[in-house]
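Please treat every number below as a calculation from the coordinates, not as lab data. Given the structure is predicted, the values throughout are model-derived calculations rather than measurements. Positions of Cβ are generated from backbone atoms using ideal geometry, with glycine treated the same way; all protein chains shown enter the neighbour counts.
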Amino acid sequence: MEPQKKDPIRRDERLYPLSHDHHGGLVFALRLKKGVTKNADVNEIGDYIRYFWDNELVRHFQDEEAYLLSLLPDDHELKKQTLQEHSQIRDTVDQILRAPGKEKIMNLSTLVNDHIRFEERVLFPYLEKNLSNKQLNDIGDSLMDSDFCDTWENQFWK
Ligand SMILES: [Fe+2]
Ligand SMILES: [Fe+2]
């Protein structure tokens, strides 16, 4: 049997800015994992986490919460899961910034990675299917392409 081709995710273009952020988020998560594996200084990894959190993740979460989740009822399972994962990530970042440690950093890497997979595979397809065209247009009008560019110089992951 021929190996099955993986279906590429066809993202509605009105959600592109968030999916674009997700690419950067996956790179971020991978760098944390590599840094720990290569025994980088946890304080140096912590500095990078603070940078990425302050300059990218806070804004990304706010966008998702303001423009996407606000369209779902509070008791919606996907909304509850998304918010719960945001707060789990927020708490983990907070703990790391107070006292960085390898286990916490690995945990953050997994949380961010899995959260992005969930949004790309479950939440976004659901929204594309269930929101009205008008709602999706409003999202498209509200989302701006992020001008954030990850230029962190200390490549502890190498
Ligand atoms: Fe999210
Ligand atoms: Fe996201």
_Whichever residue in segment 19-69 is of a type in the set (A, V, I, L, M, F, W, C) and out of contact with any helix residue (DSSP H, G or I) (no Cβ under 7 Å at 6 or more places or on another chain) and, among such residues, is nearest to PRO125 (Cα to Cα)_ = ALA66
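Determine which member of the set ARG90, ARG50 is part of a helix (DSSP H, G or I) and under 12 Å from the mean Cα position of the chain (by Cα). Even if it seems obvious, please write down each step before you answer.
On the way: ARG50 fails: under 12 Å from the mean Cα position of the chain (by Cα).
After ruling out the rest, the residue left standing is ARG90.
Only one of VAL42, VAL27, VAL93 is in contact (Cβ under 8 Å) with a residue 60 or more places away in the chain, surrounded by 15 or more Cβ atoms within 10 Å (Cβ to Cβ), more than 28 Å from LYS134 (Cβ to Cβ) and β-branched (Val, Ile, Thr); which?
Numbers: VAL27 fails: surrounded by 15 or more Cβ atoms within 10 Å (Cβ to Cβ); VAL93 fails: in contact (Cβ under 8 Å) with a residue 60 or more places away in the chain.
Testing whether each residue is in contact (Cβ under 8 Å) with a residue 60 or more places away in the chain, surrounded by 15 or more Cβ atoms within 10 Å (Cβ to Cβ), more than 28 Å from LYS134 (Cβ to Cβ) and β-branched (Val, Ile, Thr) leaves just VAL42.
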*Yes or no: ASP114 within 15 Å of ligand 2 (Cβ to nearest atom) and of a type outside the set (Gly, Ala, Ser)?*
yes
*Identify all residues within segment 48-70 that are out of contact with any Pro (no Cβ under 9 Å at 6 or more places or on another chain) and under 16 Å from THR151 (Cα atoms); write none if there are none.*
TYR48, ARG50, TYR51, PHE52, TRP53, ASP54, ASN55, GLU56, LEU57
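Restricting to segment 108-117, give me the number of residues that are surrounded by fewer than 17 Cβ atoms within 10 Å (Cβ to Cβ) and in contact with a helix residue (DSSP H, G or I) (Cβ under 7 Å, 6 or more places away or on another chain). Please lay out each step first, then the result.
Taking segment 108-117 and keeping what is surrounded by fewer than 17 Cβ atoms within 10 Å (Cβ to Cβ), we get 110, 114, 117.
Subset that is in contact with a helix residue (DSSP H, G or I) (Cβ under 7 Å, 6 or more places away or on another chain): none.
The qualifying residues number 0.
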*Condition check for ASP141: more than 24 Å from LEU26 (Cβ to Cβ), free of Cβ contacts under 8 Å to residues at least 12 places away in the same chain, away from ligand 2 (no atom under 16 Å from the Cβ) and not β-branched (Val, Ile, Thr)*: yes
_Let me spell it out: the conditions are (1) over 11 Å from the mean Cα position of the chain (by Cα); (2) aliphatic (A, V, I, L, M); (3) assigned to a helix (DSSP H, G or I), and VAL58 meets all of them except one. Which number is the exception?_
(1)
_segment 101-135 - residue that is farther than 24 Å from ARG50 by Cβ and outside any helix (DSSP H, G or I) and, of those, nearest to ligand 1 (Cβ to nearest atom)_ = LEU131
*Criterion: within 16 Å of ligand 1 (Cβ to nearest atom) and surrounded by fewer than 17 Cβ atoms within 10 Å (Cβ to Cβ) - qualifying residue of ARG10, ARG98, ARG50, ARG59*: ARG59
